[in-house]
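Written below as structure tokens is the structure these notes are about.
What follows is calculated from the coordinates using simple rules that are stated; it is not laboratory data. Given the structure is predicted, the values throughout are model-derived calculations rather than measurements. FYI the Cβ positions are ideal-geometry reconstructions off the backbone, even for glycines, and counts take in every protein chain you see.
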Ligand SMILES: Cc1cc2nc3c(=O)[nH]c(=O)nc-3n(C[C@H](O)[C@H](O)[C@H](O)COP(=O)(O)OP(=O)(O)OC[C@H]3O[C@@H](n4cnc5c(N)ncnc54)[C@H](O)[C@@H]3O)c2cc1C
């Protein structure tokens, strides 16, 4: 199953950037959902050649669950907690021969602003594709890829190599992590300069407060209007009604609306 | 406001004819008057009016005057007060998503936030790129509108759009940039702009107050609170939309010295996706069938030709014509389609609840008085099979015509 996708380009150098995730209800450290999808896509594209990179604590046990996806090793750029890892990643990647960098679109821990791939792309001067789901074809230094759009839609893009792509939940689901490979895999750590994040240290994150529910505000001036607003059924009027015409005339009107709304392809 | 006086000759004739049984009801008797003794007298019978069911109704809101002698056309919609910004001290730039060419509710919330940041001296500048169909920029709180009409910016062109926005930045130095943190392009464009301008944005912001903003962090289990930065990517419902004022919506010229970079990403257009695989709650265009659909083969054919995701009312599901996971409504899926085409569905409340978030509803029904027709933006009254058949034929003609044009 994997062989036909891996043949797309055997010589493609793919790097997947991974972070440490948090379980949505317990908050326990785990592999991050979107980053695991990045590893999955990377494995499909480059197979064994995939390089997986993390900037942070090399002792973090949750990193092993990426190894459990079938990786021999995982590179870790040593960074203290709450450091700004962009410059460390930039320095590392600039010296590498990566052609495609895959990331998740938002980290599950920390600020999670989703800025990392954009900042890396800006600093490396590479193009950046958001919501990658599939690399269809690579040739002549140009990749043809599919991008996920809201509402399950897809868009085809052509982008020059090298580029950075972020993946969201529309990308292919990650394979399971197996225990044996997770134990056997190696975590290779590289030393790098740390760059503390001033903003995060001066205003640390707080537990999320529930957001206030938006109330249905009724700006009625009188009691009668308020009563009407509270009890009114689906408001009539406003709609155009085509009655007594031939079915063709009705179909024409529907057709026109569909074309105006741009839902008809 | 035009107040056209309508005459009712029949009522006038009754009022002249003292022998007519209804003569007394048309004589205007005053509701209250001063008696000779100087006491205020009231006639309780003169208050109120006869409602549609023949029952006397008293409306104390003052909206309806008792058995008014003159009938006039319905009053025109009230005009909201106009908020003017002659010489804006600063600008708040908003780049709305304009999904389907209109302001989404997220965009309107964002404009509401921009409005509150602009106060009395600032101007809210909305920047849009492609053709639009929006007519309510003024009531949404847009003081200035900048419309890039360049063709190269119309499609998916994030890199060129960022260049255009940087030109605006260089020209106006806006106090804040506000973009929707959405998957419809705003989240991407905002982050690209942030990287370009080297501004650290506040993302997923859901509250802005007193120069501070709070946004969700991580996977949503944490909040990050910080001083309000220049670039804000705000979540939906970050503020309430503008509702009480009207704004000038003056057109503003686009910057002239647009840098024309070579885009490194080429858009090859949308890819056909099997509509049946799109989850119903997410589908953009739904063709939904109910008890009024007689020919289900034709219905499926229509869905295929329209490229629509199929939905159904509960009756259609209960009768076994559609699978249970296709049911729309209170006990089914709450859909968010932009266009919802309801064929032979009466519009029971349980069904209407499920389509509350739909933008445009089209009804095809035999019965012009059913609730679905009241909800719909366009209703076609007639037999569902005939209309679906005509629609299929119309689209086929369009497609083949299109192919012939291309050839
Ligand atoms: C607890 C509860 C939960 C429910 N939840 C849901 C729910 O989640 N979703 C849901 O859909 N329903 C739900 N219902 C059922 C709901 O109340 C209605 O019974 C149902 O929606 C009606 O479906 P319908 O409009 O298809 O059928 P009908 O009410 O029978 O309407 C058929 C319509 O088709 C028109 N028609 C008939 N023949 C033709 C023709 N040849 N051409 C054109 N038009 C024609 C008729 O004029 C009529 O308007 C629920 C009910 C209950 C009690």
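A few notes on this one:
- By the compact-protein rule of thumb, 2.2 N^0.38 Å, the alpha-carbon radius of gyration of the stretch B:74-157 corresponds to a ratio of 1.17.
- The calculated FRET efficiency for residue B:399 paired with residue B:330, based on their beta-carbon distance and R0 = 35 Å, is about 0.45.
- Between helix B:296-306 and chain B: long-axis angle, C-alpha atoms, 0 to 90°, nearest 10: 50
- For the stretch A:1-101, the relative contact order is 31 percent, taking Cα pairs closer than 8 Å that sit 6 or more residues apart in sequence and dividing their mean separation by the residue count.
- For the stretch A:134-209, diffusion coefficient by Stokes-Einstein and Kirkwood Rh (Cα), 25 °C, 0.890 mPa s, µm²/s: 140
- Inter-label distance, nm, simple model (7 Å from Cα along the C-beta direction), residue B:135/residue B:41: 5.3
- Ellipticity at 222 nm from helices only: DSSP H runs of n ≥ 4 in the protein assembly as shown, each -39500 (n - 2.57), divided by the residue count, give -7500 deg cm²/dmol.
- Set against the 2.2 N^0.38 Å expectation for a compact globular protein, the stretch B:83-252 has a Cα radius of gyration ratio of 0.95.
- Among A:53, B:110, a tally of other beta-carbon atoms within 10 Å of each Cβ gives an order, fewest to most, of A:53, B:110.
- Stokes-Einstein D (µm²/s) once Rh is taken as the Kirkwood radius of the stretch B:157-245 over alpha-carbon pairs, at 10 °C in 1.306 mPa s: 116
- Among B:268, B:213, a tally of other beta-carbon atoms within 10 Å of each Cβ gives an order, fewest to most, of B:268, B:213.
- Sequence-separation-based contact order of the stretch B:120-210, relative, with Cα cut under 8 Å and 6+ spacing, percent: 21
- Relative to the dominant Cα principal axis of chain B, helix B:158-172 is inclined by about 80°.
- For the protein assembly as shown, radius of gyration divided by Kirkwood radius, i.e. Rg to Rh on alpha-carbons: 1.05
- The residues B:143, B:319, when put in order of fewest to most other Cβ atoms within 10 Å, stand as B:319, B:143.
- Kirkwood hydrodynamic radius computed over chain B comes to 26.2 Å, based on all pairs of distinct alpha carbons.
- Length released on extending from residue B:53 to residue B:4, taking residue separation times 0.36 nm less the Cα-Cα span: 15.0 nm
- Placing dummy labels 7 Å off each Cα toward the beta-carbon, the span from residue B:319 to residue B:301 is 1.9 nm.
- Residue B:120 versus residue A:49: modelled label distance in nm, points set 7 Å from Cα along the beta carbon direction: 6.7
- With all projection directions averaged, the alpha carbon convex hull of the stretch A:3-94 covers 6.5 nm².
- Across all directions, the average flat footprint of the convex hull enclosing the Cα atoms of the stretch B:275-406 is 7.7 nm².
- Measuring spread by the Cα atoms of chain A yields a radius of gyration and Dmax of 24.9, 79 Å.
- For the stretch B:9-68, projected area of the alpha-carbon convex hull averaged over all directions, nm²: 5.6
- Contact order relative to length of the stretch A:2-202, as percent, for alpha carbon pairs under 8 angstrom and 6 or more apart: 28
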